[in-house]
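Visitor: Before anything else, here's the structure in question.
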Amino acid sequence: MRMVIDLLLPKHPMDIDTSIFPLASISKTFIATAVMQLVEKEIVDLDTDINRYLFESVQRIYHPERILKPLGVDISKVGVRLSDFENTEDFVKHYAYVFDTTDLERWQQVMLQLNFTPISDNLPTWLHISNYGFGAYPAGLLRMSANTLSVFLRMFLNNGSSILRPRLIAEMRTIVGGGNIPDYGLIGNNNSTQKSPSSQFGLS
């Protein structure tokens, strides 16, 4: 199974300033940046069990205005939930390609809560996936334009800015566990008793 992000219908050019993409796993860098801001303020300690902080329901780790606003980004065009945006017309559309009925059934089993609209009644075909979100906040669906993302990533290339100092950037680049922590792709294989994290999808 694979999912692509494209503008199949209607055809019109992407705009680096206005076309909104979901960042998927790149969202982790924003959460890491937010955590390091708390580390600098001595609110969070990197050697403390993360569950101590996660169970404090009144605390919200990610604040877009504390990361992107100092970089000169219009945070009204950035969000995690669909409700964070006044309209979704600039969202880049999601499509999945299915070859046969077995392929289609796999998508329906893995993503039960997503609405699929086949482009054609005949297989193989593309499935249009309506705008969606994850049930667990923030869960990797931070959305923004390509230009906004580039502003954020250039902050790392420049070894920090007003929002993070160089020593914290270096700390984020440190490999945890000496490289001995297994990749998610290795969890749940025939030689492992661990299970992969479940994916829960839902409209929001």
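The values are calculated or read from the model by the stated rules, or taken from the named source; none is laboratory data. Nothing here was measured: the structure is a model prediction, and the numbers come from that model. Here the Cβ positions follow ideal geometry from the backbone for every residue, glycine too, while neighbour counts run over all protein chains shown. Just the protein is used for accessible areas: all its heavy atoms, side chains included, with ligands, DNA and RNA removed. Shrake-Rupley method; radii C 1.70, N 1.55, O 1.52, S 1.80 Å.
Visitor: Here's a check for you: in the range 163-190, which residue that is open to solvent by 100 Å² or more (accessible area, probe 1.4 Å) and part of a loop (DSSP other than H, G, I, E, B) is modelled with the highest pLDDT?
Guide: Looking at the filtered set, the residue picked out is Arg165.
Visitor: Tell me, which residue of the range 39-66 that is at pLDDT 85 or above and assigned to a helix (DSSP H, G or I) is surrounded by the fewest Cβ atoms within 10 Å (Cβ to Cβ)?
Guide: Glu40
Visitor: Across the range 85-100, which residue is surrounded by the most Cβ atoms within 10 Å (Cβ to Cβ) among those that are in contact (Cβ under 8 Å) with a residue 40 or more places away in the chain and out of contact with any helix residue (DSSP H, G or I) (no Cβ under 9 Å at 6 or more places or on another chain)?
Guide: Tyr95
Visitor: Quick one: in the range 101-129, which of the residues that are open to solvent by less than 20 Å² (accessible area, probe 1.4 Å) and β-branched (Val, Ile, Thr) is modelled with the lowest pLDDT?
Guide: Ranking the candidates gives Ile129 first.
Visitor: Looking at the range 4-22, I want the residues that are more than 14 Å from Tyr95 (Cα to Cα) and modelled with pLDDT of 80 or more and have a partner that is of a type in the set (Ser, Thr, Tyr) and part of a loop (DSSP other than H, G, I, E, B) with Cβ atoms under 8 Å, at least 6 apart or on another chain. Which pairs are those?
Guide: Every condition considered, the pairs that remain are Ile20/Thr88.
Visitor: With respect to Thr148, is the statement that it is under 20 Å from Ala32 (Cβ atoms) and at pLDDT 85 or above true?
Guide: Here the answer is yes, as Thr148 does meet what is asked.
Visitor: A further question follows. Is one or more of the residues making up the range 26-38 among the polar types (S, T, N, Q), under 20 Å from the mean Cα position of the chain (by Cα) and at pLDDT below 85?
Guide: Yes, some residue in the range 26-38 is among the polar types (S, T, N, Q), under 20 Å from the mean Cα position of the chain (by Cα) and at pLDDT below 85.
Visitor: Looking only at the range 88-100, how many residues end up being of a type outside the set (Ser, Thr, Tyr) and either modelled with pLDDT under 80 or not in a loop (DSSP other than H, G, I, E, B) (or both)?
Guide: Residues flagged as of a type outside the set (Ser, Thr, Tyr) and either modelled with pLDDT under 80 or not in a loop (DSSP other than H, G, I, E, B) (or both) within the range 88-100 amount to 4.
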